[in-house]
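Student: Right, I'll just put the structure down here and ask away after.
The values are calculated or read from the model by the stated rules, or taken from the named source; none is laboratory data. Since the model is a prediction, treat every value here as computed from it, not as a measurement. Neighbour counts run over all protein chains shown; Cβ positions are idealised from the backbone, glycine included. These accessible areas exclude ligands, DNA and RNA; they are computed on the full protein's heavy atoms, side chains included. Shrake-Rupley method; radii C 1.70, N 1.55, O 1.52, S 1.80 Å.
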Amino acid sequence: MRLFWALTAAVLLGLVPCYSLAQPTLQARIDHATPGDTVVVDGGTHHGPLVIDQPIALVGTNGAHLKGDEQAHVVTITADDVTLDGFRVTGSGTKLEQDHAGVMVKGHRATLRENRLADVLHGIYVKGKDRTIITQNRIQGPPIASRHVTHDEAARYDDCSVPPTGGSCEVPLVSAQRGNGIHLWNALHSRLTHNTVRRTRDGIYFSHSDDTHTAHNRIEHVRYGLHFMYSDDNHFSENVFAQNVSGSALMYSARIDVRNNDFRDNRTKNGYGLLLQSVDQSTFTNNRLEGNMTGLYLENSSANTFRGNTVRSNFRGMRLTGSSTDNSFSRNVVQANLQTAQLSGVSATNSWSIDGVGNFWGTRGLLDVNADGISEMPRRVVDVLGTGSTDFPYAGLLASSPGVQTLSFALRRAPLPGVPQILDPHPLMRPRGNGQTGMPGWLALVMGGLAAALILIRRPNA
């Protein structure tokens with residue numbers, strides 16, 4: 001008994017080290033794991049920065065929290081075949097020049113699943129590594145920052161009061177001070193599915209990243225929901241890009257497949273649903289571009305196919321330039337936009353129908369003689385306002401005025417040289433889905449004949 005009390009006193013006085021009583025840190029557990037292990041972290045806050053340098057699965061349960069020191073990445077993955085699953089991740093550094101992130105991926109075939117990231121610069125940053133899987137994560141950018149403001153500036157913000165000499169106030173971060181939600185650089189063959197991103201700079205950013213599948217993501221309150229450059233052969237489907245500065249900005253890329261996405265309610269002055277700059281040989285199918293400042297913007301882009309898209313209820317339906325050539329449009333619905341199209345020259349090489357099927361612009365002024373759902377009369381879309389609605393945005397409000405509508409109607413009937421126009425040779429009488437066909441003309445005539453015969457047969461004798 002005397003020996004027990006002597007050892008206890010020695011431990012309390014620091015005379016005997018007590019390694020056995022200390023819990024190993026999470027970094028120590030990672031370092032002592034063997035390749036292929038699953039390290040389960042049951043709750044608690046675990047301080048970083050952390051480095052995973054061997055192929056293990058790190059799984060968080062019961063709200064396990066990885067908290068950075070606000071000076072570096074919270075988690076850096078340097079090994080191949082690492083899984084990070086189920087964590088709350090906060091507190092990255094804030095230096096854009098060092099690409100600080102909640103999770104920095106520098107190993108091939110990483111899997112990031114069901115993590116919640118907040119108060120980080122970049123959310124997930126994949127740097128030059130292939131076959132990353134990013135799924136079911138929620139990423140929230142930092143909403144505010146402390147900044148010195150003058151007394152007059154403080155009046156712009158809610159719940160902010162400073163003395164007449166000025167003081168510190170919590171203010172919203174500007175876009176340039178934020179990182180991206182998911183950032184891919186030179187990252188090939190990745191899969192991004194079922195993620196939610198809010199209040200970052202860009203939602204999903206691609207640079208030199210090819211052959212990636214991106215589906216079922218929701219991006220809100222960012223600059224560009226989808227932003228990529230120099231990235232080819234990518235596939236995007238079933239995503240929602242809503243209430244951003246612009247829904248997307250796709251640039252300097254080729255062979256992109258974009259289908260069944262929502263680009264909506266991107267309503268800033270330069271808010272676009274789908275912006276294409278130097279995009280070639282790509283397909284855009286069954287997308288919905290609704291409630292944006294401009295639904296579709298096409299510049300210096302060639303050999304693309306637009307089929308079955310809905311461009312509806314935008315301030316401006318489309319904005320096209322003469323630098324875009326050899327593009328094809330069919331079965332699209334362009335309807336209920338304040339200004340149907342702004343045309344800065346339109347190339348004659350663009351085709352507004354495919355296999356004799358054009359687009360739906362409304363039925364005014366059209367005629368369908370054989371009841372096949374396609375008008376025998378072409379549809380002209382003219383831009384009376386021209387570039388004036390770009391130089392003077394409020395001029396676009398005149399697009400639906402009686403005077404402009406009357407002039408547009410006259411120019412559709414008797415076009416003048418030099419007035420930009422779209423000519424759809426086979427406009428639709430009603431919207432059609434992709435691949436849907438109307439009733440053939442011969443069948444319509446047969447059905448009409450049968451109906452007339454039945455009427456005669458059933459007519460009672462006088």
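Student: Can you give me the distance in nm between label points at W185 and R364, each placed 7 Å from the Cα along the Cα-to-Cβ direction?
Tutor: About 5.1 nm separates the two model spin labels.
Student: Got a number for the accessible area of E97? Probe 1.4 Å, square angstrom, nearest 10.
Tutor: About 140 Å², ignoring ligands and nucleic acids.
Student: Write down the Kirkwood hydrodynamic radius of segment 75-123, to one decimal in angstroms, obtained as one divided by the mean of 1/r over all alpha carbon pairs.
Tutor: Hydrodynamic radius (Kirkwood, Cα only) of segment 75-123 equals 11.1 Å.
Student: Among K129, K269, what's the order by accessible area (1.4 angstrom probe), most exposed first?
Tutor: I get K269, K129, largest accessible area first.
Student: Could you name the lysines whose alpha carbon sits less than 23 Å from that of K67, not counting residues in the same chain fewer than 8 places away?
Tutor: K95, K106, K127
Student: Can you tally the net charge around G271? Count Lys and Arg as +1, Asp and Glu as -1, for every other residue whose Cβ sits under 14 Å from the Cβ of G271.
Tutor: +3
Student: Quick one: what are the phi-derived ³J(HN,Hα) couplings along segment 194-210, Karplus 6.51/-1.76/1.60 with θ = phi - 60°, whole Hz, x for glycine and proline?
Tutor: Rounded to whole hertz, the list is 6, 9, 10, 10, 9, 6, 10, 6, 10, x, 10, 10, 10, 9, 6, 10, 9.
Student: Also: Ignoring everything but the protein chains, give the 1.4 Å probe accessible area of E114 in square angstrom, nearest 10.
Tutor: Solvent-accessible area, nearest 10 Å²: 90 Å².
Student: Net charge around E238, counting only other residues with Cβ within less than 13 Å of its Cβ (Lys, Arg = +1; Asp, Glu = -1)?
Tutor: That sum, taken over residues with Cβ under 13 Å, equals +1.
Student: Related question: For the full complex of protein chains and a 1.4 angstrom probe, list H189, H100, H213 by accessible area with the highest value first.
Tutor: Per-residue accessible area, sorted high to low, gives H189, H213, H100.
Student: Check which residues have an amide H placed less than 5 Å from N304's amide H, if you skip close sequence neighbours.
Tutor: The answer is Q281, S282, N327, S328.
Student: Based on C-alpha coordinates, I'd like the Rg and Dmax of segment 277-376, in Å.
Tutor: Both quantities, over Cα of segment 277-376: 13.4, 41 Å.
Student: Need the list of aspartates and glutamates near K269 for cross-linking: C-alpha distance under 16 angstrom, and skip anything on the same chain fewer than eight residues off.
Tutor: Result set, ordered by chain and number: E290, D391.
Student: Can you compute 3J(HN,Hα) from phi for each residue in segment 337-353, using the Karplus curve 6.51 cos²θ - 1.76 cosθ + 1.60 with θ = phi - 60°, rounded to whole Hz and x for Gly and Pro?
Tutor: Values per residue, Gly and Pro as x: 8, 4, 10, 4, 8, 10, 10, 9, x, 10, 5, 5, 7, 6, 10, 9, 8 Hz.
Student: A follow-up question, please. What figure, in Å² to the nearest 10, do you get for the accessible area of H426 with a 1.4 Å probe and non-protein molecules left out?
Tutor: Here the residue's solvent-accessible area equals roughly 70 Å².
Student: Explain nothing, just compute: Karplus ³J(HN,Hα) = 6.51 cos²θ - 1.76 cosθ + 1.60, θ = phi - 60°, for every residue of segment 108-116 in order, whole Hz, x for Gly and Pro.
Tutor: 6, 6, 6, 10, 10, 9, 6, 9, 10
Student: Once R0 is set to 25 Å, what does the formula 1/(1 + (r/R0)^6) return for the Cβ-Cβ distance between Q177 and R267, expressed as a FRET efficiency to the nearest 0.05?
Tutor: 0.65
Student: Order 201-207, 42-48, 328-334 from most to least packed using the mean count of other Cβ atoms within 10 Å.
Tutor: Most protected by this proxy first, the peptides run 201-207, 328-334, 42-48.
Student: Rounded if a/c is under 1.5, else prolate if a/b is larger than b/c, else oblate: which is segment 194-310, with a ≥ b ≥ c the root eigenvalues of its Cα gyration tensor?
Tutor: rounded
Student: Using a simple spin-label model with points 7 Å from Cα along the Cα→Cβ vector, what separation in nm is obtained for Q421 and E238?
Tutor: 4.4 nm
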